[in-house]
Amino acid sequence: MTDIAPLFTDARGLLYRPGLLDPDGARRLTAEALKACDDGELYLQYRASESFGLDDGRLKTADYSTDAGFGLRGVSGEMTGFAHANDISEAAIRKAAQTLALLDPANSPPAPPPQR
């Protein structure tokens, strides 16, 4: 049996592209986006899937797809903000960071405790 899965020597090549995003840029943008937050994260995702459908030993269907994107989460006080996109680029992360700018606890009081 042979392994037909490609061998990746550096998976970062799937997430980072010259002119779009590099690891240092991702760190810098994440720090900027989360500077007013108590906690948060940026995650990058790349997924490739391949499937084959056989009927009586004959190939009937074949499919290959790839998906890439990111998610940005920020927590400030009792508020949590999320943003995501399918485009892994500095411009897309900057735009997503605008959502986290709305998480300013100074603009609103904390939520009241639950009623009994």
Only residues that are farther than 20 Å from Arg17 by Cβ and either touching a Lys or Arg at 6+ places or on another chain (Cβ under 7 Å) or among the small types (Gly, Ala, Ser) (or both): list them for segment 40-79, please. Gly40, Glu41, Ser49, Ser51, Gly53, Leu54, Gly57, Ala62, Gly74, Ser76, Gly77
For segment 5-55: of the residues being among the aliphatic types (A, V, I, L, M), more than 20 Å from Thr66 (Cα to Cα) and exposed (fewer than 14 other Cβ atoms within 10 Å of the Cβ), which is farthest from the chain's Cα centre (by Cα)? Leu54
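Considering only segment 97-106, I want to know if a residue exists there that is surrounded by 15 or more Cβ atoms within 10 Å (Cβ to Cβ), modelled with pLDDT of 90 or more and in contact with a helix residue (DSSP H, G or I) (Cβ under 9 Å, 6 or more places away or on another chain).
Taking segment 97-106 as the starting set, the residues that turn out to be surrounded by 15 or more Cβ atoms within 10 Å (Cβ to Cβ) are 97, 99-100, 103.
Those left that are additionally modelled with pLDDT of 90 or more: 97.
Retained after the next criterion (residues that are in contact with a helix residue (DSSP H, G or I) (Cβ under 9 Å, 6 or more places away or on another chain)): 97.
Checked against the condition, which is being surrounded by 15 or more Cβ atoms within 10 Å (Cβ to Cβ), modelled with pLDDT of 90 or more and in contact with a helix residue (DSSP H, G or I) (Cβ under 9 Å, 6 or more places away or on another chain), segment 97-106 yields at least one hit.
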Would a scan of segment 10-19 turn up a residue that is farther than 20 Å from Ala97 by Cα, hydrophobic (A, V, I, L, M, F, W, C) and assigned to a loop (DSSP other than H, G, I, E, B)? yes
Counted residues, segment 16-42 - those being out of contact with any Leu (no Cβ under 8 Å at 6 or more places or on another chain) and closer than 29 Å to Gly77 by Cβ: 8
Given the criteria over 30 Å from Pro112 (Cβ atoms) and at pLDDT 90 or above, does Asp55 qualify? yes
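The values are calculated or read from the model by the stated rules, or taken from the named source; none is laboratory data. Quick caveat: nothing in here was measured; it's all calculated off a predicted structure. A quick note on method: Cβ atoms are made from the backbone with ideal geometry, for glycine too, and the neighbour counts reach across all protein chains shown.
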